[in-house]
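The values are calculated or read from the model by the stated rules, or taken from the named source; none is laboratory data. What you see is a predicted model; the values in this text were computed from it and never measured. Every residue, glycine among them, receives a Cβ derived from its backbone with ideal geometry; neighbour counts consider all protein chains shown. In case anyone asks, the SASA skips ligands and DNA or RNA and just uses the protein heavy atoms, side chains included. Shrake-Rupley method; radii C 1.70, N 1.55, O 1.52, S 1.80 Å.
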Amino acid sequence: MRVTPCQAALAGAIGLNLLLLYCAWRGPGGSPPSCRPPRGVPGVTVLLRDFEDFENDLAGTARSFASLPVPVLVVAETAPYPPVPLPAEVGLLPLRPAADRPPPLAHPELHVRTRHVALVPDGTRAVPGLLERMRDALEEGDGNTRLVAAPVGSVPLRCLELRLEPRAWTARYSTGAPGVCQAVEGTAVLLLRTRDLFALSFPLARPVPTAIFIQAAFRGWGLRVMPAAFPAARRPPVSPHGRWKAENLAENRRRRLMRDLGIKREVLADGRERWYGCGKETARCFGTVHARTPQYLLAGRWTPPCCLRALRETARHVAGVLEAAGVRYWLEGGSLLGAARLGDIIPWDYDVDLGIYREDVGKCRWLAAVAAGGEPVEDTEGFLWEKAAEGDFYRVHYSRSNRLHVDLWPFYPRGGVMTKDTWLGHPQDVEFPESFLRPRVPMAFASFTAMAPNNARAFLELKFGPGAIENPEYPNPAVKRLGQD
């Protein structure tokens, strides 16, 4: 059938009206991207994200940047309380989902139309043209530069290098050379492309600078520091109660962020450390181990540093108690392998193994109490001694809550060979000549001196095979091999 020009125009008009009806039917804020104006409009959107609900300068900061003019959005889980008198042209973007809220509010990237976005800290004052200069500096930089930072106030930013060690769950900062930055120290406005911000896994996590820097470092992004600064608002001193609240909220946010980013330890530029993993009062960082392969190995990581620290502390404590009581012990299995190879726990190991003479169990008050009563016993320093459920051996846990532990394997001599009553089927779980223990010798291990068999190499090659010290491998290569990360 031949279509006349009039019929074609009528069909086009009908199609356009159907599209408009569809967009209207989806409702305000509910239209799909195809019904929206094209994204990527030139300009910079200001996001106000890092502020407290109490004793803030949010209204002053919003008014200052709204006067430029640029789009300004206040981003928060819920509307600030107590309410803040924001300028009419400043939008509020709540992040927390609600049953009665249109679904696009769960997607903040749909509310930023400009090609660039600036994350502005509370108490900053606008400078005409500075955001545009930051944008130009970003676009004129090399392809690796994805962030531009400008200081807020009179204190210049300190350039930091940031090296991430994912397998060790660690972020390590050091003083950077001028122009070589992955992070900055100091209050700063951060500008980046909108598409880059919302390509991050946690684009609006708090504290904003730390969240951005770590995620950018994972991606190898570069950062450029501008010399020009934004003024800081003159604000009355924060009340003692307000300071206490702010410090507690900041600590909780930082811990939540590090958990989400998989960071258990930060090493600061001055050498201080911040720890975010498990402790005496918490559960350990990983669950039950199956097939001798912890979950973190399958995720391409090694033992969290907080767990290694707790294992070292537990091993040092147990060795000290055994020595003081006259119990003959020695490093066993993978722990001896770590001592011979590194003088420490193997970086992916999840417990410490010590052999003991079974006849010496009664010499240690804690072991004797467990053997007599069958119930766990907590010692004076909070370590928990118990009989293992899997067989005839003992465990000493870091605490009641944190089940990182040292296993104590009771061996006894039989015809010049050391044997025991429980065998778990591990390849290295074998009998050995008692001559390896006559005498036992001191050996560096986990920041203390432990006792070990007198010929560690021969002992280990008997247990693990030739070249065990020089050829590291994961506990169960059938599940995961070293080098497959």
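Before we move on, is I345 open to solvent by less than 40 Å² (accessible area, probe 1.4 Å), more than 24 Å from V406 (Cα to Cα), in contact (Cβ under 8 Å) with a residue 24 or more places away in the chain and out of contact with any Asp or Glu (no Cβ under 6 Å at 6 or more places or on another chain)? The answer is no for I345.
Would you check if A339 is small (G, A, S), under 19 Å from P472 (Cα atoms), in a helix (DSSP H, G or I) and assigned by the TED database to the domain that holds P453? Yes, satisfied. Note on region 128-156: residues that are at pLDDT 95 or above and either crowded, with 21+ Cβ neighbours inside 10 Å or touching a helix residue (DSSP H, G or I) at 6+ places or on another chain (Cβ under 9 Å) (or both) total 10.
For region 30-65, the set of residues classified as among the hydrophobic types (A, V, I, L, M, F, W, C) and either outside any loop (DSSP other than H, G, I, E, B) or modelled with pLDDT of 95 or more (or both) consists of C35, V41, V44, V46, L47, L48, F51, L58, A59, A62, F65, listed by residue number. In region 211-225, what count of residues is obtained for those that are over 21 Å from T114 (Cβ atoms), open to solvent by less than 20 Å² (accessible area, probe 1.4 Å) and either over 14 Å from the mean Cα position of the chain (by Cα) or hydroxyl-bearing (S, T, Y) (or both)? Summing the residues that are over 21 Å from T114 (Cβ atoms), open to solvent by less than 20 Å² (accessible area, probe 1.4 Å) and either over 14 Å from the mean Cα position of the chain (by Cα) or hydroxyl-bearing (S, T, Y) (or both) in region 211-225 gives 1. Within the set T449, T422, T380, the sole residue that is among the hydroxyl-bearing types (S, T, Y) and under 17 Å from I345 (Cα atoms) turns out to be T449. With respect to (1) free of Cβ contacts under 8 Å to residues at least 12 places away in the same chain; (2) surrounded by 15 or more Cβ atoms within 10 Å (Cβ to Cβ); (3) within 19 Å of V441 (Cα to Cα), the lone exception for D360 is condition (1). The strands (runs of 3 or more DSSP E) located wholly in region 161-219 that include 3 or more residues which are within 17 Å of L268 (Cβ to Cβ) occupy 170-175, 183-185. Restricted to region 227-242, and to residues there that are part of a loop (DSSP other than H, G, I, E, B) and at pLDDT below 95, the residue that is most open to solvent (accessible area, probe 1.4 Å) is R234.
Got at least one residue in region 187-195 being open to solvent by 10 Å² or more (accessible area, probe 1.4 Å), assigned by the TED database to the domain that holds A62 and under 26 Å from W275 (Cβ atoms)? Yes - at least one qualifying residue is present in region 187-195. Do we have any residue at all in region 255-265 that's out of contact with any Lys or Arg (no Cβ under 9 Å at 6 or more places or on another chain), under 30 Å from H426 (Cβ atoms), touching a residue at least 60 places away in the same chain (Cβ under 8 Å) and not in a helix (DSSP H, G or I)? Among the residues of region 255-265, at least one is out of contact with any Lys or Arg (no Cβ under 9 Å at 6 or more places or on another chain), under 30 Å from H426 (Cβ atoms), touching a residue at least 60 places away in the same chain (Cβ under 8 Å) and not in a helix (DSSP H, G or I), which makes the answer yes.
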